[in-house]
Amino acid sequence: MLKLSDLSVKYGSYTALHSIDLKVNQGELVVLLGANGAGKSTIFKTISGLLKPVAGQVEFMGQPIGGMPPDRIVKAGIAQCPEGRKLFADMPVLKNLILGGYVHRKDKAGVEAILEWVYELFPILYDKRNDTAGSLSGGQQQMVAIAKALMAKPKLLLLDEPSVGLAPLVVEQMFETIAEINRNGTSILLAEQNAYAALQIAHRGYVIENGRIVLEGTTDMLNDNEEVRRAYIGA
Ligand code: ATP
């Protein structure tokens, strides 16, 4: 479904990604593990069309999308839930969600249907739909950010560090919901530093260090890997 081949990305003269090979198959939940500054957000921004690769390919559903404008990439079926949520804090929750479904604005019934599903996934967002996004707790704001990305009806959802700053119990509930979104048929690429939680729900994963993929494998393999345990699980 998504295939990055030999992908390199630069900020000016600084190379942030070196020859990245990564794929997400239809129906998969794939985790991308890496420390701060490893290059996770750069991968996401490149897939979303916010950064242009200097070399290599980004393919989605068999079509090259590297360098396409971001709105066309959303229309093609990829939505990103960025790190730091990027909500309109002064706007009501509902308005934030509707903006997430902007690319489907002509399909009113379709937008209503997806809104209903999103409220089923996150019932608290229905209760808080008229409150400003900025007045919600951190965990609830993260729910709005994921829900907003889902409003674009993506085939592939990119989640950049959804657990940052959340209490352990909230993280657990959030990851259960992410697994449910995946079971409902949305493929997911999840960037995380919280390897323990992410490896419980993912099918496969990659480890990125200094802009290079240094390890890839099934979640069982990554869970058993000494380096992964030492660096990301702390055991
Ligand atoms: P984090 O979780 O801290 O966001 P990350 O794994 O997502 O980490 P990136 O944000 O992709 O890492 O950063 C990868 C590298 O690129 C880092 O060395 C970072 O300093 C550098 N970088 C990121 N954005 C820019 C930018 N706009 N200009 C120059 N360098 C950048």
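Relative to the longest principal axis of the Cα atoms of the chain, helix 138-150 runs at roughly 90 degrees. Sorting 155-161, 122-128 by average packing, meaning the other beta carbons within 10 Å per residue, from highest down gives 155-161, 122-128. Structure shown: which of Lys3/Lys153; Lys45/Lys86; Lys95/Lys148; Lys75/Lys108 lie over 18 Å apart, alpha-carbon to alpha-carbon? In this structure, Lys3/Lys153 exceed 18 Å between Cα atoms. The apolar share of the surface of the chain, taken as the fraction of accessible area on carbon and sulfur atoms (1.4 Å probe, ligands and nucleic acids excluded), comes to 50 percent. Here the dipole of segment 86-152 is about 240 debye; that uses its Cα centre as origin and unit charges on the Cβ of Lys and Arg (positive) and Asp and Glu (negative). Rounded, prolate or oblate, given the Cα gyration tensor of segment 125-201, with a/c below 1.5 counting as rounded? The shape class here is oblate.
For segment 86-152, taking Cα atoms only, Rg and Dmax work out to 10.7, 32 Å respectively.
With viscosity 1.567 mPa s and temperature 4 °C, the Kirkwood radius over alpha carbon pairs of the chain converts through Stokes-Einstein to a diffusion coefficient of 72 µm²/s. Rounded to the nearest 500, the 222 nm mean residue ellipticity of the chain from helices alone is -10000 deg cm²/dmol, with -39,500 (n - 2.57) taken per DSSP H run of at least 4 residues. Roughly how compact is segment 1-121, stated as its Cα Rg over 2.2 N^0.38 Å to two decimals? Rounded to two decimals, the normalised Rg is 1.18. Structural descriptor for segment 86-152: relative contact order 55 percent, calculated from alpha carbon pairs under 8 angstrom and at least 6 residues apart.
The values are calculated or read from the model by the stated rules, or taken from the named source; none is laboratory data. Here the structure is a predicted model, which is why all the values come from computation and not from measurement. Every residue, glycine as well, gets a Cβ built from its backbone with ideal geometry; the counts of neighbours run over all protein chains shown. Quick note on the areas: whole protein, heavy atoms, side chains included, nothing else; ligands and nucleic acids left out. Shrake-Rupley method; radii C 1.70, N 1.55, O 1.52, S 1.80 Å.
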